[in-house]
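The values are calculated or read from the model by the stated rules, or taken from the named source; none is laboratory data. Note that the coordinates shown come from a computational prediction; the quantities given were computed from them, not determined experimentally. Every residue, glycine among them, receives a Cβ derived from its backbone with ideal geometry; neighbour counts consider all protein chains shown. These area figures cover heavy atoms from the full protein model, side chains too; ligands, DNA and RNA do not enter into them. Shrake-Rupley method; radii C 1.70, N 1.55, O 1.52, S 1.80 Å.
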Amino acid sequence: MAEEKQKKTHGIPPKYDLNAKWDACLDLTVRRLAYSSLAGAFTALLFFRSPVTRWASVAFGAGVGIGSAYTDCSYIFGSSCPEISSSKVSVVSSDPQQDHN
């Protein structure tokens, strides 16, 4: 209890506390990996008969979980999210006389 009070008064602001960020990312990664692998295993038991396709479903679920955790961890560490913007298309004329005017 005394350590928590001391940590709050002399601690690092949450924005710069890398230990807390790493803890959050590891926790998030383990949870998402486990839950998505279980979802893949459950889906595989329902829809597939071959052991190879069942393992592929589990691997796909694990990949989705790791990818999702990676994306959220990049947000936690301060990366800006990539915004999808409409690309501006420049009009290119095929008339050579407009280029010289």
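Cβ-Cβ distances below 8 Å connect the following pairs, each with a first residue in the stretch 18-38 that is more than 13 Å from Ala59 (Cα to Cα) and touching a residue at least 40 places away in the same chain (Cβ under 8 Å), a second residue that is aromatic (Phe, Trp, Tyr) and part of a helix (DSSP H, G or I), and a separation of six or more residues or different chains: Thr29/Tyr70. Checking the structure you have, find out if any residue of the stretch 53-67 is over 18 Å from the mean Cα position of the chain (by Cα), modelled with pLDDT under 95, surrounded by fewer than 16 Cβ atoms within 10 Å (Cβ to Cβ) and not aromatic (Phe, Trp, Tyr). Yes, the stretch 53-67 has at least one match. Within the stretch 30-52, can you find the residues that are out of contact with any Gly (no Cβ under 8 Å at 6 or more places or on another chain), open to solvent by less than 60 Å² (accessible area, probe 1.4 Å) and part of a helix (DSSP H, G or I)? Ala44, the sole residue that qualifies.
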